[in-house]
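Working notes, beginning with the structure itself.
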Amino acid sequence: MKKIPPFKLSIVGLGIALNVIGTFTAFSLKLPILLDSIGTIMVSFLLGPYYGIITGLFGSIVSGITFDIYSLYFAPVQIFVGFFSSLVYNKGLMKGNKRFLGVFVISIFSSFIGAIIAAFVFGGITSSSSSYIVAILSNMGISKVLSVFIVQFLIDYLDRFVAVSLVILVILKIPNNIKQELMNN
């Protein structure tokens with residue numbers, strides 16, 4: 001097994017902490033967005049999909065064990081966030097107005113997986129405050145899966161856009177010598 005350089009391991013640890021803190025903040029304040037993938041996106045941008053996926057999975061595990069059991073069930077969503085975040089970043093879809101498309105790509109795939117989990121495992125009701133909107137749409141006659149997907153996509157798009165925007169601001173402030181160090185290891 002290949003040894004992970006300590007510098008990269010530190011970045012992954014920071015990403016996990018950002019995911020847990022974001023999740024805890026959104027969970028505690030009952031925010032309509034999740035803030036659970038800021039670290040996953042940051043690590044995916046800086047180190048690539050493999051490290052981003054690891055960050056997302058471990059963030060979900062820590063959050064799930066400590067305060068939000070639902071995070072464990074939604075860990076597969078982080079796989080898609082980690083993979084597609086790295087993909088769209090490396091394709092240049094996070095620059096300028098292309099960011100809207102890049103976030104759309106991340107959100108559409110991760111929302112699909114999240115909606116399947118929420119609809120079939122939990123009947124559309126989770127710890128997220130958006131569950132109220134799912135209930136309203138379902139009571140209006142819209143199917144449970146479609147209700148969950150609509151809400152999941154809208155919430156995920158807003159959440160991912162906020163996360164990507166914050167991460168881009170941080171990455172722009174990282175000195176070039178540190179960025180070079182990340183690429184060389």
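Computed values, structure above
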{"item": "Subset of region 65-80 that is among the hydrophobic types (A, V, I, L, M, F, W, C) and assigned to a helix (DSSP H, G or I) - its residue that is surrounded by the most Cβ atoms within 10 Å (Cβ to Cβ)", "result": "VAL77"}
{"item": "Residue check for LYS173: basic (Lys, Arg) and in contact with a helix residue (DSSP H, G or I) (Cβ under 9 Å, 6 or more places away or on another chain)", "result": "no"}
{"item": "Matching residues, region 85-104, being among the aliphatic types (A, V, I, L, M), over 21 Å from ALA75 (Cβ atoms) and open to solvent by 50 Å² or more (accessible area, probe 1.4 Å)", "result": "LEU101"}
{"item": "Checklist (1) assigned to a helix (DSSP H, G or I); (2) in contact with a Lys or Arg (Cβ under 8 Å, 6 or more places away or on another chain) applied to GLY114, failing item", "result": "(2)"}
{"item": "Tabulated pairs, region 14-29, first under 12 Å from SER71 (Cβ atoms), second not in a helix (DSSP H, G or I), C-beta under 6 angstrom, 6+ apart or interchain", "result": "ASN19/ASP36; GLY22/LEU35; GLY22/ASP36; THR23/ASP36; ALA26/LEU34; ALA26/LEU35; PHE27/ASP68"}
{"item": "Those residues of region 1-13 which are without any contact (Cβ under 8 Å) to a residue 60 or more places away in the chain and assigned to a helix (DSSP H, G or I), in sequence order", "result": "PRO6, LEU9, SER10, VAL12, GLY13"}
{"item": "When residues of region 105-135 are limited to those that are closer than 14 Å to ILE155 by Cβ and open to solvent by 90 Å² or more (accessible area, probe 1.4 Å), the one modelled with the highest pLDDT", "result": "PHE112"}
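Listed here are the residues, each with its yes/no results for (1) assigned to a helix (DSSP H, G or I); (2) in contact (Cβ under 8 Å) with a residue 60 or more places away in the chain.
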position	(1), (2)
GLY39	yes, no
SER44	yes, no
TYR51	yes, no
GLY59	yes, no
SER63	yes, no
GLY82	yes, no
GLY92	no, no
ARG99	yes, yes
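The values are calculated or read from the model by the stated rules, or taken from the named source; none is laboratory data. The shown structure was predicted, so the numbers you read here are calculated from the model rather than taken from an experiment. Cβ sites come from the backbone with ideal geometry, for glycine too, and all protein chains shown count toward neighbours. Surface accessibility is based on the protein's heavy atoms, side chains included, excluding ligands, DNA and RNA. Shrake-Rupley method; radii C 1.70, N 1.55, O 1.52, S 1.80 Å.
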